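Visitor: My structure is below; once you've seen it, I'll send some questions.
The values are calculated or read from the model by the stated rules, or taken from the named source; none is laboratory data. Since this is a predicted model, take the numbers as computed values, not measurements. Quick reminder, even Gly has a Cβ in these numbers, built from the backbone with ideal geometry, and neighbours come from all protein chains shown.
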Amino acid sequence: MDGFQEKLAATAGRIGSALDALLVLEPRQGEIARPERLMAAMRHGALNGGKRLRPFLVLESAALFGTGENDAMPAALALECVHCYSLIHDDLPAMDDDDLRRGQPTVHKAFDEATAILAGDGLLTLAFELLGSEACHRDAAVRSDLVVELAKAAGLGGMVGGQMFDLQAAQDSPDEAAIGTLQAMKTGALLRFACEAGAMLGGASPAERVTLRTFGEKIGQAFQLADDILDVVSDEAAMGKRVGKDEAMGKGTLVGILGLEEARRRADRLVGEAEALLSGFGHRADVLKGCARYIVSRQQ
């Protein structure tokens, strides 16, 4: 596991450097100007650390099919921009109302609410510019496919819809099935896309693409279970954000329904199922399997 975490950290560093080079004041071709305050807010929301797990999964899934890191990086950065936008907006007072993210003030606290909203908007739209550019993939059909799939994962039937269900959860007292749907949309959809995107970039067969998509679904479920467990057993210093907020707001979670031990067993079972899906790839899939194991063993 130590070797995997070193690889994850090293890759996160390269992803952070690529984001840093992307989020600069100099306008790109076709742009007019980039407001300094808006760019500072976007950088605050995107360059404040983090595991970079979603772009890591894009890069490693693509590598499974022979696509190098440089070729897969634009799609990986696009996904990370969407993820960072979602965190900025989730933290807003009208949403989860959080003051701390990764141990630092959230964007609306460091700047203001209007600037935070625009920073999220800027990262979201930048993501689709990256996916649509020729640097993402030489085949326009692949680029189009990536745009459509990310839009679905991030939108009404994915992350945005999941956030709506999450806002309603305190009033609706959702059952286990409803919580599973919420989590598959709010958290799982981008993790699923991360794995499928790598397969798309690498020219995987339709069957291989389904395998990677299913792998992403499994680890997405495990990730959310681990998150819910940490929200109960960890503390703010370790997590770098507020913990225990779901219970405080009266939101149902799978941990609340299943109990801690059963939640841990289910997360472990999901990881086992995810690893089994990749058995046909042999040792080439070792990193992705390690990622699945890391998801349930992480401490933050």
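Visitor: Which residue is surrounded by the most Cβ atoms within 10 Å (Cβ to Cβ), if the candidates are limited to region 219-228 and must be in contact with a Gly (Cβ under 9 Å, 6 or more places away or on another chain) and under 17 Å from Ala292 (Cβ atoms)?
Guide: Ile219
Visitor: Moving to a separate point now. Report whether or not Gly66 is under 28 Å from Cys291 (Cα atoms), under 17 Å from the mean Cα position of the chain (by Cα), in contact (Cβ under 8 Å) with a residue 12 or more places away in the chain and not in a helix (DSSP H, G or I).
Guide: Here the answer is no, as Gly66 does not meet what is asked.
Visitor: So the check is Cβ under 8 Å with 6+ separation or different chains; which pairs have a first residue in region 107-119 that's free of Cβ contacts under 8 Å to residues at least 60 places away in the same chain and a second one that's surrounded by fewer than 20 Cβ atoms within 10 Å (Cβ to Cβ) and of a type in the set (Asp, Glu)?
Guide: The qualifying pairs are Lys109/Asp99.
Visitor: Here's something else I'd like to know. Within region 40-63, which residues are among the basic types (Lys, Arg) and either within 17 Å of Leu146 (Cβ to Cβ) or without any contact (Cβ under 8 Å) to a residue 12 or more places away in the chain (or both)?
Guide: Arg54 - this is the single residue of region 40-63 that is among the basic types (Lys, Arg) and either within 17 Å of Leu146 (Cβ to Cβ) or without any contact (Cβ under 8 Å) to a residue 12 or more places away in the chain (or both).
Visitor: Which of the numbered conditions does Ile295 fail, given that it passes all the others? Conditions: (1) at pLDDT 95 or above; (2) within 20 Å of Ala63 (Cα to Cα); (3) not aromatic (Phe, Trp, Tyr).
Guide: (1)
Visitor: When only residues in region 120-147 that are in contact with a Lys or Arg (Cβ under 7 Å, 6 or more places away or on another chain) and of a type in the set (A, V, I, L, M, F, W, C) count, which is nearest to His108 (Cα to Cα)?
Guide: Step by step, filter region 120-147, then rank; the result is Leu131.
Visitor: Another question, if that's okay. Look at region 148-187 and say how many of its residues are under 18 Å from Leu77 (Cα atoms), touching a Gly at 6+ places or on another chain (Cβ under 8 Å) and either crowded, with 18+ Cβ neighbours inside 10 Å or hydroxyl-bearing (Ser, Thr, Tyr) (or both).
Guide: 1
Visitor: Yes or no: Arg37 touching a residue at least 24 places away in the same chain (Cβ under 8 Å), part of a helix (DSSP H, G or I), touching a helix residue (DSSP H, G or I) at 6+ places or on another chain (Cβ under 9 Å) and under 23 Å from Gln299 (Cα atoms)?
Guide: So Arg37 does not fit the description; no.
Visitor: So, one more: Just give me the residues in region 274-299 being surrounded by fewer than 16 Cβ atoms within 10 Å (Cβ to Cβ) and in a helix (DSSP H, G or I), in sequence order.
Guide: Ala276, Ser279, Gly280, Gly282, His283, Arg284, Asp286, Ser297
Visitor: May I pose another question? Here's a check for you: in region 92-143, which residue that is of a type in the set (Lys, Arg) and at pLDDT below 95 is surrounded by the fewest Cβ atoms within 10 Å (Cβ to Cβ)?
Guide: Result: Arg102.
Visitor: So, in region 73-126, of the ones that are part of a helix (DSSP H, G or I) and among the polar types (S, T, N, Q), which residue ends up nearest to the chain's Cα centre (by Cα)?
Guide: Ser86
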